[in-house]
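Report on the following structure.
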Amino acid sequence: MNKSNIPDPDLDKLLKQALKDNIPPEVEARMNRQFLNLKRTLDRPESLAKADEWLWMGGPLQRKILAVASTVMLILGVVMHLSGSQSALAHSIEQLKVNVTVSVNLNRAVFMDCTVLTPEAGGENTSFHVLWRANGDARVDMVSTAGAQTIWILDETILLAGSDGSSIRSMPFKTIASDPEWQPAMDFRTPVLLAKHMEERYGLMQTGARGGAGSGEFLVIGQQDQQAVEITVDAKTYLPKVLKKYAPDSGRMNGDRICLIEIRFLWNQPISGELFVPGPLAGKQ
Amino acid sequence: MSSTNSGKRFLLIAGKILILLIVAIGVLQSGTPAGYIDPYGFLFVLVGGVALLMISFPGAEIWRAFRHAARGSGSDAEIGNSVHFWESAGRSFWILGGLSSVLSIIIGFVGLRTVEVAGLSAIIPILIRPLLSIFYGSLLAVICFVPCWKLQGILQSRSSAPNPGRNEMPISIGRPRWRFGLVLGYVLFLAALVSTSQIQINLSDLWPVCKPSLFVVLGGALALMLFMGGNNIRLTPSAAFAGMGLIGSLMGFIQMLIGMTDPSPQGIGHVAGALAFVLFSCFTALLGMALIGAPLEDRAIRTRQACRPSAFSRVAWYVFPLLSLIFLVLVFNMIILPLPGPR
């Protein structure tokens with residue numbers, strides 16, 4: 001293209017007329033300010049570079065350090081987590097989960113057969129044999145130095161054999177519940193009551209295989225009125241096998257611990273219905 | 001004309017007071033107004049939120065934002081900054097609501113070691129406090145979003161009606177310096193965090209618990225940020241923290257399900273460890289977003305490196321605390337769910 005071919009020599013004038021600058025003055029002022037800011041920024045290239053990245057990610061050396069640090073942290077975190085080291089939080093959660101599982105399984109129990117032993121001074125024991133079934137019927141046999149006695153608990157009513165051995169007397173449940181003679185057995189007369197005690201009274205805080213607990217069982221340790229409470233739980237069924245209460249401070253001075261009460265449980269093994277029928281001879285064990 | 005306007009204003013104020021009264025009566029009539037009070041949770045959310053604002057904004061900008069919220073007059077750029085301030089305030093309270101809820105459930109479980117009651121009756125109150133914390137967070141967030149929306153409306157009305165009189169603030173590109181308010185903000189936030197936790201549990205109990213998840217989330221977030229590229233202006237530490245928090249939580253849930261296949265005490269130990277990992281992953285991610293991610297993004301906006309928060313950051317800020325709450329409920333369910341019976 002040759003300059004001589006241009007028809008109109010006053011091209012600048014033509015362009016000015018065609019592209020007339022009619023921008024409002026305030027917009028023009030704003031554009032000028034923006035342009036000046038941009039120019040100022042371009043004069044300082046380091047500031048533009050910084051604008052494109054987070055400040056602390058600066059140079060390549062810094063990046064390498066950060067990359068190494070992140071890798072080390074990731075590996076350390078995963079290894080620490082997978083090593084399974086128990087923490088306070090995990091321990092609390094574990095304890096809660098054990099308690100909840102035991103409690104739910106106790107509430108689902110169909111039959112309970114438990115023996116309560118209360119050692120007394122002079123080496124004599126009072127023992128109670130508690131039988132319970134899911135419809136709420138229970139039978140308690142007490143054997144002590146004074147003799148043997150049996151009661152049946154049906155619908156919050158106590159039935160017991162009369163002194164003549166042939167008649168049956170009934171009385172409100174409260175009379176026996178408050179009787180200190182029967183008290184040890186009354187705390188374990190139903191699985192629901194046992195679950196409630198475990199949740200509300202024993203404050204069970206520790207678990208783990210210890211001392212007497214075998215491979216298929218674990219110990220849950222708590223406290224009630226300063227007495228140590230130890231429950232051996234079956235690891236398969238999550239139901240208690242043995243519950244023991246020890247005297248306060250016993251065993252601290254390397255001596256034998258004084259067991260105040262020992263309860264042995266058998267769960268969900270069918271119990272003959274005859275045993276729950278009140279009567280002097282019915283279902284005699 | 002002015003008397004009509006003042007009459008309308010009085011009516012508006014009276015209406016607002018009436019609405020507040022109705023809400024207050026509703027709360028009182030619900031039966032247990034004391035049940036809505038958790039002083040530790042509220043103080044942590046409030047003080048922590050103020051501290052986060054001090055970290056992100058200088059005092060002059062905070063004062064200006066309050067002035068704009070009250071009067072609504074100022075240049076477009078100034079009002080734009082105030083809109084950003086109020087959005088950040090709402091976001092901070094919302095994130096802190098989530099953080100406080102995770103913290104209070106952790107404190108609740110760790111504190112159970114010293115409580116006599118150890119059953120379901122002890123667990124229920126532990127879930128109430130996290131819900132209260134998120135309630136306070138969302139309440140304060142909504143209060144902050146009101147001026148944000150109001151100022152946004154003013155900006156929109158101005159852009160539709162050209163006004164030659166208004167002026168623009170010059171763009172400032174520069175390296176932000178350490179301010180006194182920023183240092184004070186961090187100190188205040190950490191003081192609130194430590195004192196809230198220390199009052200209720202021994203912090204030495206907490207440190208060994210959070211180490212694994214802290215390393216995983218922090219290391220992972222750092223790696224993500226490096227991979228995403230330092231030259232990308234849309235690089236969002238908040239999104240990286242949220243992403244790693246999610247990954248950590250998923251790791252925990254997978255481990256928990258594996259642990260649940262083993263109904264022995266060892267299995268329960270695995271389940272408990274996994275649930276602790278989920279809780280601390282959420283906690284670390286939220287803490288990272290609040291202390292590192294959000295202030296960095298705010299600084300980028302204030303220094304005009306970015307014109308608005310990235311969509312990834314917004315998703316991280318508003319969705320992850322909600323996700324944490326869902327995880328808390330899941331963790332809670334997992335604890336009260338008994339293990340499957342013997343095979």
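Every number in this text was worked out from the coordinates using simple rules, so none of it is lab data. Just so it is clear, the structure is predicted and the values come from calculations on it, not from any experiment. Backbone-built Cβ (ideal geometry, glycine too); neighbour counts: all protein chains shown.
Near residue A:184: Cβ cut-off under 15 Å, other residues only, Lys/Arg at +1 and Asp/Glu at -1. The net charge is -3.
Full extension of the chain between residue B:262 and residue B:187 yields a length gain of 22.5 nm, computed as 0.36 nm times the residue separation minus the alpha carbon distance.
Which order results if B:149, B:86 are arranged by neighbouring Cβ count within 10 Å, fewest first?
Values: B:149 13, B:86 25.
Ascending Cβ contact count within 10 Å gives the list B:149, B:86.
So if each residue of separation counts as 0.36 nm, and I subtract the Cα-Cα distance between residue B:21 and residue B:329, what length gain in nm does that give? In short, 107.7 nm is gained. Placing dummy labels 7 Å off each Cα toward the beta-carbon, the span from residue B:28 to residue A:179 is 5.5 nm. Counting Cβ atoms of other protein chains within 10 Å of each residue's Cβ and taking the mean over peptide B:272-284 gives 4. Put in line by how crowded their Cβ is, counting other Cβ atoms within 10 Å and starting with the fewest, A:61, B:96 read A:61, B:96.
Considering every residue in A:66-75, what mean count of other chain Cβ atoms within 10 Å of its Cβ is obtained? Mind showing how you got there, number by number?
Values: counts 5, 4, 0, 4, 11, 3, 2, 10, 10, 3.
The mean count of partner-chain Cβ atoms within 10 Å per residue comes to 5.
The protection proxy used here, the mean number of other Cβ atoms lying within 10 Å of each residue, ranks peptides B:218-224, A:225-231 as follows, highest first: B:218-224, A:225-231.
Placing a pseudo-label 7 Å from each Cα along the Cα-to-Cβ vector at residue A:149 and residue B:10 gives an inter-label distance of 8.4 nm. With each label modelled as a point 7 angstrom along the Cα→C-beta vector, the residue B:195-residue A:18 pair spans 7.3 nm. Holding the Cα-Cα limit at 31 Å, pick out from A:174/A:244; A:196/B:211; A:97/B:211 the pairs that are longer than that. The answer is A:196/B:211.
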